[in-house]
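Quick notes on the structure that follows.
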Amino acid sequence: MAEDIKYELVVYWSEDDSVYIVEVPELPGCMADGRTYKEAVRNALIVIEEWIETARELGRSIPTPKGRLIYA
C-alpha cells in the first residue's frame, strides 16, 4: 500500500536529534524519523499505514489526501 500513499510529507533535518524528521500534516500526530532521508521517508510510509489502520480500528475518519498544502 505504501506506493499508493498520497499524503504530503514535510521532511527536515533536526540538528538537536541528528536525524531527518518527517511530518504528515494531514494526519494529526503522524511523524517519523531516520538517520538518512530515505530511511526517514520509508519509516513515515510505515507510520502512515499504521495511523490509517488504527483510525479504522477506532472508527475514526481518515482524511482524504489533498496533495500539496500551502503554508503562509
For this session: Of the conditions (1) modelled with pLDDT of 95 or more; (2) of a type outside the set (Val, Ile, Thr); (3) surrounded by 11 or more Cβ atoms within 10 Å (Cβ to Cβ), LYS66 clears all except one; give me its number.
Result: (1)
For this session: Looking only at the stretch 36-46, decide whether some residue is in a strand (DSSP E or B) and in contact with a helix residue (DSSP H, G or I) (Cβ under 8 Å, 6 or more places away or on another chain).
Result: no
Seminar exercise, completed: Scanning the stretch 34-60 for residues that are under 10 Å from the mean Cα position of the chain (by Cα) and crowded, with 16+ Cβ neighbours inside 10 Å gives ALA40, VAL41, ASN43, ALA44, LEU45, VAL47, ILE48, TRP51
For this session: Taking VAL11 as meeting all but one of (1) in a loop (DSSP other than H, G, I, E, B); (2) at pLDDT 95 or above, write down the number of the exception.
Result: (1)
Exercise. Out of all the residues in the stretch 9-17, is one or more crowded, with 17+ Cβ neighbours inside 10 Å and of a type in the set (Phe, Trp, Tyr)?
Worked result: no
For this session: Could you tell me which numbered condition VAL19 fails, if it satisfies all but one of (1) modelled with pLDDT under 95; (2) touching a Lys or Arg at 6+ places or on another chain (Cβ under 7 Å)?
Result: (1)
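The values are calculated or read from the model by the stated rules, or taken from the named source; none is laboratory data. In this text, all values refer to a predicted model and were calculated from it rather than measured experimentally. When we count neighbours, we look across all protein chains shown, and the Cβ atoms used for this are built from the backbone with ideal geometry, even at glycine.
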